[in-house]
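Worksheet: the structure to be examined is printed underneath.
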Amino acid sequence: MADSTKVTSAHLHRVAVVYVRQSTPGQVEHHRESTARQYALAERARELGWTAEQVQVIDEDLGVSGSVVSLAKRTGFAHLITEVALGHVGIVLGLEVSRLARSNTDWYRLLDLCGVTDTLIGDSDGVYHPALFNDRLILGLKGTMSEAELHTLRARLDGGIRNKAARGELRRGLPVGLVWGDEDGEVRFHPDEAVTSAIRTVFDRFAELGSVRRVWLWFRAEHLSFPLQAHARSDLRWVAPTYTAIHHVLTNPVYAGAYTYGKTRRERYVDADGMVKQRSRRVPIAQWAVLLRNHHPGFIDWMTFEANQVRIDANVHPQPHQAGGAVREGTALLQGLAVCGHCGRRLRTHYRGRHSTPGYHCAGKDIVRGRGVYCLNVGGVAIDHAVANAFLAAVTPAALDATLLTVQQLQAHQDAALAQWRLAVERARYDAERAERRYRMVEPEHRLVARGLETEWEARLRDLSTADAELTRREHQQPRALSPEQRQHIHALGADLRQVWAAPTTTDRDRKELLRTLLEEVIVAVARSEYRAQLTLRWRGGTLTTLDLPLPRSNPPRHSDG
C-alpha cells in the first residue's frame, strides 16, 4: 500500500475511513490477530498523508456477515456508504475486498459512489481510484473473486455435511427421549426410564384418543409432568406439558426410527417495506434431502408414523368440499361426514331451539322469489337416528371383538397414569437422596453453604412427600385391574351394542368416533314435495347403502330441486 501517487490534496482534506469487520462473534473472540491487522490500517492512513485526527475507524459490523443483504443489519457499512455519498471521505481502507462486502450488489454500489465522489479505495495490495478504468476493472475482479470464494467455501462445507448426513452420521440435535451413542450414527433411547415412558405414553394415548389436543388435555387432567431439554448439554427439566410439545413428539419422524436432513429450505423475499429478508419453509417428505428409515430403534414404526400424520391432518378444520375435521362435542352425529346431495358441498351443522336440536344445512344458496335460501336445510334428529341404526346393524357381528378391545383399552387407561406417577415418585426420591448426600459432604464450618444445602434437602423431601401422597391417593381411587363384576358387565354390554350406544356414559364424541371407523361420508338428498330424504351411506371399502327416510310435515325442509 505504498503507492501514494493517486493521493491528492483534495483527498487529504477529507477523512480516511478504516472499515473493520469479522463475520461471526466467534471470529471476533478467537481470531484476534485478524482484527488487530485491520485496526493497524489506521497507521497506513497516516503513512499516506492523513493526520491521526482525520482517521476514522468504523467497527460497528464486528460479528456481522458481509453476505447480509439488508443494510439495516450492517449499520457500519450503511454509515460508510452515507459518508462516501456526502463526499466526506477521501479514502476507504480495508484489509481485503471481502471485508467491505461479500455481495456484488453492495460492492458495485460502493464503487459507483466512490467514482462519483472522487474517493479512493485501498487494501493490502495498493490504492485504487474507481473512476479509472483499469483500477475499476481490478476492483471488479476482486469483488467477483470474493463472492466466488464465499460460494466455493460454502459449497465445500455443505458438500461435506450432506455426504455425512447421507450416511446418517451427522450429529445434530435429537429430541428429548433419544441420545447419541458411542458409534458413528448410533442413536439410543434415553437412559432415564421416566423420560422414555412419558414419550411412549404420548403415542399410546394418541392411538386411543386420536387427537393431539385430547392427548394434551389428558396429561393436564392427570397432572403429569413432561420432560423438557433445550439442547444436549442442558439439564433435563420436568414441566407442565404444552400442546406444542405434544404435537412435536407426534410429528417428529426421529421418534419413528428415521434419520432426516433437509426438512426445510431457506428462501429470500422482499417484504412490504422493500427489504430483502430470509425465511425458512418446510418441504414435503418427498423433497427431504435425506430420509433413512429404520436408522435406529424408535418408539413407533414408520407405518404407524405415517398413519398418525394422516390422522392429525384429518383433524384440521376442512376447507369447502373437503372431508375430515376433528370430532366436536355437539350432538350432530354426521358432523364432517354429511354431504349435500344437490351440489356436493359439505353440510354444516347448526343447533336450534331451547334443547339445541341439531340440523344440517348447505352453504350454497339459490335465489328463490328474490331471496337467497340454502339449497338444503333439514333437521338432524331423524337422519342421525337412521344412520345410527344402520351402523349398529352393520357392527353387531363384531360385538365380541369390540368388547374385548374395550376391556383392553380400559385396563391400559387405568395403568398409564399410575405408571407415570410411580416414576415421578422414584425421580423425587432420587433428588431427595442426592440433596442429602450433598448436605452430608459439606464441612460443618461452612455454615452458609450447609444452610443452603439443608434448605434444598428439605424442599426435595417435601416434593417426595407430595408425590408419594398423590400416588397413594390415585392408587386408591383408580384400581389397577377391573373387578370380575366389571368384566361381566362389559361382556353383557357387548352382546347388545345398542345398549352401549344409548348409555349415558357414551358421549357424543364417542359415537362420532365409532361412526368414522366405518363410514366415509353420508350423502343427503331431500325431496321437498314428497317430504322424504334419501340417505346414501358410503362405507370404507366402497360399499354403498341407500336409506329412504320420511320427514315430518310440521316443519318441512327447504330445498331447491333445481
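All of (1) assigned to a helix (DSSP H, G or I); (2) at pLDDT below 70; (3) within 18 Å of A424 (Cα to Cα) hold for A492 with one exception: (3). Does Q229 satisfy the condition of being out of contact with any Leu (no Cβ under 8 Å at 6 or more places or on another chain), at pLDDT below 90 and not charged (D, E, K, R)? Spelling it out, it is not the case that Q229 is out of contact with any Leu (no Cβ under 8 Å at 6 or more places or on another chain), at pLDDT below 90 and not charged (D, E, K, R). Return yes or no: is P191 of a type outside the set (A, V, I, L, M, F, W, C) and touching a Cys at 6+ places or on another chain (Cβ under 7 Å)? So P191 fails the test.
For residues that are of a type in the set (A, V, I, L, M, F, W, C) and modelled with pLDDT of 90 or more, tally how many sit in segment 86-110. Don't jump to the end; show me each part of the working.
So the first thing to find is which residues in segment 86-110 are of a type in the set (A, V, I, L, M, F, W, C), and the list is 86, 89, 91-93, 95, 97, 100-101, 107, 110.
Next cut, modelled with pLDDT of 90 or more only: 86, 89, 91-93.
Residues in segment 86-110 being of a type in the set (A, V, I, L, M, F, W, C) and modelled with pLDDT of 90 or more: 5 in total.
Does segment 71-93 contain at least one residue that is touching a residue at least 40 places away in the same chain (Cβ under 8 Å), farther than 21 Å from P130 by Cβ and surrounded by fewer than 20 Cβ atoms within 10 Å (Cβ to Cβ)? Yes, there is a match, as at least one residue in segment 71-93 is touching a residue at least 40 places away in the same chain (Cβ under 8 Å), farther than 21 Å from P130 by Cβ and surrounded by fewer than 20 Cβ atoms within 10 Å (Cβ to Cβ). Residue count for segment 27-52 under the criterion of being modelled with pLDDT of 85 or more and part of a loop (DSSP other than H, G, I, E, B): the result is 5.
Screening A101, A131, A45, A52 for residues that are in the same structural domain as S23 (by TED's automatic domain parsing), more than 44 Å from the chain's Cα centre (by Cα) and buried (at least 22 other Cβ atoms within 10 Å of the Cβ) leaves exactly one candidate, A45.
Please report, ordered by residue number, the strands (runs of 3 or more DSSP E) entirely within segment 53-156 with at least 2 residues that are of a type in the set (V, I, T). Even if it seems obvious, please write down each step before you answer.
Working: elements: 55-62, 89-93, 120-122.
Ranges flagged: 55-62, 89-93.
On the given criteria, is A416 over 25 Å from P191 (Cβ atoms) and modelled with pLDDT under 75? Show your work before the answer.
Details: over 25 Å from P191 (Cβ atoms): no; modelled with pLDDT under 75: yes.
Taking the combined requirement at face value, the residue does not satisfy it.
For segment 157-184, the tally of residues that are out of contact with any Pro (no Cβ under 6 Å at 6 or more places or on another chain), aliphatic (A, V, I, L, M) and either in a loop (DSSP other than H, G, I, E, B) or under 22 Å from F226 (Cα atoms) (or both) stands at 4.
Step by step: first the residues of segment 277-310, then only those that are under 25 Å from L209 (Cβ atoms) and among the aromatic types (F, W, Y), then the one that is nearest to the chain's Cα centre (by Cα). Which residue is that? In this case the residue turns out to be F305.
Beta carbons closer than 6 Å, at least 6 apart along the sequence or on distinct chains, pair a first residue in segment 40-57 that is among the β-branched types (V, I, T) with a second that is part of a helix (DSSP H, G or I) for V55/A42; V55/A45. The set of residues in segment 223-245 that are touching a residue at least 60 places away in the same chain (Cβ under 8 Å), touching a Pro at 6+ places or on another chain (Cβ under 8 Å) and either under 20 Å from S211 (Cα atoms) or of a type in the set (A, V, I, L, M) (or both) comprises L224, S225, L236. Scanning segment 312-323 for residues that are at pLDDT below 85, surrounded by 15 or more Cβ atoms within 10 Å (Cβ to Cβ) and assigned to a helix (DSSP H, G or I) returns a single hit, A314.
Say we look at segment 325-356 and pick out the residues that are among the small types (G, A, S) and either part of a strand (DSSP E or B) or out of contact with any Pro (no Cβ under 8 Å at 6 or more places or on another chain) (or both); which of these is modelled with the highest pLDDT? I'd like the intermediate steps shown before the answer.
Step one: filter segment 325-356 for residues among the small types (G, A, S), giving 325-326, 330, 332, 336, 338, 341, 344, 353, 356.
This time we only want the ones that are either part of a strand (DSSP E or B) or out of contact with any Pro (no Cβ under 8 Å at 6 or more places or on another chain) (or both), so: 326, 338, 341, 344, 353, 356.
Working: A326: 55, A338: 84, G341: 79, G344: 74, G353: 79, S356: 80.
Only one residue tops the list, namely A338.
Restricting segment 11-26 to residues that are at pLDDT below 90 and surrounded by fewer than 16 Cβ atoms within 10 Å (Cβ to Cβ) leaves a set whose member that is nearest to D135 (Cα to Cα) is T24.
Please go through (1) in contact (Cβ under 8 Å) with a residue 60 or more places away in the chain; (2) buried (at least 16 other Cβ atoms within 10 Å of the Cβ); (3) assigned to a helix (DSSP H, G or I) for K6 and return the number of the only condition it doesn't satisfy. Only one criterion is unmet by K6, namely (3).
The values are calculated or read from the model by the stated rules, or taken from the named source; none is laboratory data. Note that the structure is predicted; figures quoted are calculated from it, not measured. Quick reminder, even Gly has a Cβ in these numbers, built from the backbone with ideal geometry, and neighbours come from all protein chains shown.
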